[in-house]
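The structure appears below as structure tokens.
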Amino acid sequence: VRAVEGANASGAYVFMGGTFDPIHNGHLRTALELQQWMGVERVCLVPSRKPVHREAPGSSSEARLTMAQLAVADEPALDVDDREVRSGQPSFSYLTLRSLRAELGPERPLCMVLGMDAYLGLPSWHQWQELIELCHIIVVRRPGYIYEPDPGMARFTRAHETTSLAAVLGSPCGRVLMHELTPLSISATQIRQLVAKGLSPRYLCPDPVWHFIQQHRLYGLNEGS
Ligand code: ATP
Ligand code: MG
């Protein structure tokens, strides 16, 4: 049902997965600029339950989900899809894509947004070669990461060479599209480190997210005091 809600005239469902530990303005601005550039009704943020590519997050999946919901509460172009947090499974994009594809049916465009760091790390993902049979991949630049794909990603590189936004919106899956947005050198790691040091992350993330971090003493805030 969510997938149907997130679709536009082309029927495209565009989503950005992540740990969002916490969600920040780099994620939010990226999602909003993509929504506008692609002309879709909205972009969904999908917080992961238990990330598979990294160590345990600094806050619970419920806290990360709530912060994402707070961040988009006043922005109709962005939505939060809680399917990974609700599922009892570890978060494999492959499984999320299969569940989205089952809801959308075989014809509608399904687009997964990845920052350049995530895209370059794709070969470590579960069933990664099959991902572009389920979706298109929209890659956004991220300061500090240069586009140098693994030679094993040749199939993805070919999928990238001859594509366009129109081609993506006109087909269900199989293309890799790169797009340059306002570069924002913000990471959740930086925010967690600031908070742990007793410094404010204000203006790197939305105020309601910062207030939530303070209320729940996340990321080692005021530890020992
Ligand atoms: P961490 O430092 O904990 O890894 P992060 O800032 O990288 O956090 P993630 O939740 O890991 O955030 O990222 C989710 C998705 O958002 C990934 O595809 C990532 O590449 C992308 N992303 C994160 N920050 C930015 C940014 N500043 N600009 C563009 N894309 C970003
Ligand atoms: Mg990251």
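No value in this document is a laboratory result; all are computed from the given coordinates. All figures in this text were calculated on a predicted structure; none of them were measured in a lab. Here Cβ is always computed from backbone atoms with ideal geometry, including for glycine, and neighbour counts include all displayed protein chains.
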Among 85-96, 168-179, the order from most to least packed when residues are scored by Cβ within 10 Å on average: 168-179, 85-96
Calculated FRET value between Q129 and S185, using beta carbons and R₀ = 35 Å, to 0.05: 0.65
The chain, dipole about Cα centre (Lys/Arg Cβ +1, Asp/Glu Cβ -1), debye to the nearest 20: 300 debye
Built amide H within the under 5 Å cut-off of C205, gap 5+: N25
Unit charges at the beta carbon, dipole of segment 2-183: most positive-side option, L165, L131, V176: L131
Karplus 3J(HN,Hα) series, Hz, for segment 85-93 with 6.51 cos²θ - 1.76 cosθ + 1.60 (x for Gly, Pro): 5, 5, 5, x, 9, x, 8, 9, 4
Cut-off under 5 Å, modelled amide H: who pairs with F92 long-range: none
Global geometry of segment 2-183, whether rounded, prolate or oblate, following the gyration tensor of its Cα atoms and the 1.5 cut on a/c: rounded
³J(HN,Hα) computed for each position of segment 195-203 - Karplus, 6.51 cos²θ - 1.76 cosθ + 1.60, integer Hz, glycine/proline x: 4, 4, 8, x, 9, 7, x, 4, 6
Other-chain or far-sequence residues with amide H under 5 Å of G18's (modelled H): V46, S48
Separation in nanometres of the label points that stand 7 Å from Cα toward Cβ, at K50 and R98: 1.8 nm
